[in-house]
1. Need the failing condition index for SER258 against (1) at pLDDT 95 or above; (2) out of contact with any helix residue (DSSP H, G or I) (no Cβ under 7 Å at 6 or more places or on another chain); (3) over 17 Å from TYR172 (Cα atoms), just the number.
2. Kindly establish whether VAL241 is under 19 Å from the mean Cα position of the chain (by Cα) and either of a type in the set (D, E, K, R) or farther than 15 Å from ASP187 by Cα (or both).
3. Look at GLY197 and say whether it is in the same structural domain as ARG244 (by TED's automatic domain parsing) and touching a Pro at 6+ places or on another chain (Cβ under 6 Å).
4. Looking only at residues that are under 18 Å from the mean Cα position of the chain (by Cα) and among the charged types (D, E, K, R) in segment 102-136, which one is farthest from PHE25 (Cα to Cα)?
5. Any residue at all in segment 130-138 that is of a type in the set (A, V, I, L, M), in contact with a strand residue (DSSP E or B) (Cβ under 6 Å, 6 or more places away or on another chain) and within 30 Å of LEU176 (Cβ to Cβ)?
6. Which of the residues belonging to segment 79-109 are aliphatic (A, V, I, L, M) and more than 30 Å from VAL182 (Cα to Cα)?
7. Of everything in segment 200-217, what is within 14 Å of TYR172 (Cβ to Cβ) and either surrounded by fewer than 20 Cβ atoms within 10 Å (Cβ to Cβ) or outside the structural domain of GLN146 (by TED's automatic domain parsing) (or both)? Give them in sequence order.
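The values are calculated or read from the model by the stated rules, or taken from the named source; none is laboratory data. Only a predicted model underlies this, so the values are computations on that prediction, with no experimental measurement involved. Backbone-built Cβ (ideal geometry, glycine too); neighbour counts: all protein chains shown.
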Amino acid sequence: MKYVTSSPLGKKSAYISQYQPDLLFPIPRKIKRDEINVPELLPFKGADIWNGFEISWLNNKGKPVVALGEFIFPCTSPNIIESKSFKLYLNSFNNTHIDSLAMARDRMARDLSQNAGSEVKVNLVEISEFANNPLDIFSGINLDKQDITCDNYTVASNCLIIEDEKISESLYSNLLKSNCLVTGQPDWGSVFIEYSGNKINHEGLLKYIVSFRNHNEFHEQCVERIFMDILTRCAPEKLSVYARYTRRGGLDINPYRSTESDFIPKNNRLCRQ
């Protein structure tokens, strides 16, 4: 926990409105990956898609500019960025003069890539351009319709049971909830699971998802835990896991992990986002 307790998360922080890149706080992925037995040769591909809704700076005449941002961190990057530090970093642009949207984008891409240890893709758009983006829903079988009894709210991978039937299917649930690793504040999300192999018992899978309810872990780490638990216990031939979390502090985080290189989900907001 040392790497987390030394971060600004859960602490009173000064509002800094002049550009300050050292506000960013990287956290090594390896620490949690070792805990959930992710091998050094990653068994998945993927990325963490962040969306920023509170981004602003001043143009060369001092007039405020507002934008919306998409930030894509590859899962191969050595570090994630602690979310509060990311918010503080974005706030530091508020009274900073920048000549163009492209210059703001390039500066953010440089700073984030340096802290993540790998190239981070940044896309900034004006609100008028973003306004046409549709709200979306996950496709597939809605697991939430299962009439189950739940009494376990700590991660229970033993709920994952396979049946003697080969199948390819897409499933989703809106019942994913975990808690921030430090503050204990709730993180609300929806999760999409697509796989091929022995059928995963739907009731057991939903109980497994619900069992994250009191679990303390960052978004990216929860998704990797779900991926590794299903991969280990169910041994699917193909597997993709994609979670979209609700916004906090003007940022939402949407990690995906997949055995398939062509699994690149759309970054469309769900209704709760």
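1. Result: SER258 fails condition (3) only.
2. So VAL241 passes the test.
3. Working: in the same structural domain as ARG244 (by TED's automatic domain parsing): yes; touching a Pro at 6+ places or on another chain (Cβ under 6 Å): yes.
Yes; evaluated as a whole, the condition is true for this residue.
4. ASP136
5. Checked against the condition, which is being of a type in the set (A, V, I, L, M), in contact with a strand residue (DSSP E or B) (Cβ under 6 Å, 6 or more places away or on another chain) and within 30 Å of LEU176 (Cβ to Cβ), segment 130-138 yields no hits at all.
6. Matches in segment 79-109: ILE98, LEU101, ALA102, MET103, ALA104.
7. Scanning segment 200-217 gives a single hit, HIS202.
Residue-by-condition table, conditions (1) of a type in the set (Lys, Arg); (2) touching a strand residue (DSSP E or B) at 6+ places or on another chain (Cβ under 9 Å):
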{"site": "ASN91", "(1), (2)": "no, yes"}
{"site": "ASN95", "(1), (2)": "no, yes"}
{"site": "MET108", "(1), (2)": "no, yes"}
{"site": "ILE141", "(1), (2)": "no, yes"}
{"site": "LYS145", "(1), (2)": "yes, no"}
{"site": "THR149", "(1), (2)": "no, no"}
{"site": "ASN174", "(1), (2)": "no, yes"}
